[in-house]
Amino acid sequence: MEHLIQKYESIISSKEEISDIIQEKKKKYLDDIILQIKQLVKKRLKLKNKYYLLIKKVNITYLKDINLIIAKELFDTNFFFNIKSEYKLFNGLNIYIKFYDDIIYENKIKKRFNKKINEGIKKNKTKIYLYDNIAYKNYLRVLCYQRNYNIIFKEKDYKFDIMRLKYEDGLGEFYKYGLFINFEEDK
């Protein structure tokens, strides 16, 4: 009986050790991502207007943590950027970042905004979608659009919102994200 108790205790302690090793690996993996982000931000002036690989072969089990790290490290900055996720068959999920020239990007966004608003006004719409076809895996991308629009139009007091849109095709249902502005008066 005592032999079984010792065996059970050794199994429990080895499970705890394995758990500690997994937590250590996760911390190292996430710390490496933070370092990569900080290095890219330092080089961002040289890296404008082109997507650069931020994280290669993302460990999907850490995706929520990675999204939080990216948001924490980048969303409080004052420069424009966008992030996209791309899945490739043999490479898995990769995350890319693109930094923009502030003046060129701001003018491009204002032009797009005015075009979409004018189209919406002609159709008497109160909810105008600026983007409505962003893949579900690209949630960070729609957050970047929202952040960038809020920075550009902060003096106008516009509120840009994100909506999860449901689509159906012959194979079933799937979701995408959209960024919209709502001109409906509060009731």
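Data table
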| item | result |
| --- | --- |
| Sole residue being over 25 Å from Leu54 (Cβ atoms) and at pLDDT 90 or above, chosen from Lys108, Lys116 | Lys116 |
| Criterion (over 30 Å from Lys57 (Cα atoms) and not assigned by TED's automatic domain parsing to the domain that holds Ile70) met by exactly one of Ile134, Ile109 | Ile109 |
| Options Tyr149, Tyr158, Tyr129, Tyr177; residue that is of a type in the set (Phe, Trp, Tyr) and closer than 30 Å to Gly92 by Cβ | Tyr177 |
| Selection from region 133-187 of residues that are surrounded by 17 or more Cβ atoms within 10 Å (Cβ to Cβ) and part of a strand (DSSP E or B) | Ile134, Phe160, Lys176, Tyr177, Gly178, Leu179, Phe180, Ile181 |
| Residue match in region 108-129 (condition: assigned to a strand (DSSP E or B) and loosely packed, with under 12 Cβ neighbours inside 10 Å) | no |
| Breaking point among (1) over 24 Å from Lys43 (Cβ atoms); (2) in contact with a strand residue (DSSP E or B) (Cβ under 9 Å, 6 or more places away or on another chain); (3) at pLDDT 85 or above, for Ala135 | (3) |
| Given (1) more than 15 Å from the chain's Cα centre (by Cα); (2) within 17 Å of Ile33 (Cα to Cα), index of the condition Ile109 fails | (2) |
| Matching residues, region 144-187, being of a type in the set (Gly, Ala, Ser) and either outside the structural domain of Ile109 (by TED's automatic domain parsing) or in contact (Cβ under 8 Å) with a residue 12 or more places away in the chain (or both) | Gly178 |
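The values are calculated or read from the model by the stated rules, or taken from the named source; none is laboratory data. The model shown is predicted, which means the values in this text are computed figures rather than measured ones. With ideal geometry, Cβ positions are generated from the backbone for all residues, glycine too; neighbour counts draw on all protein chains shown.
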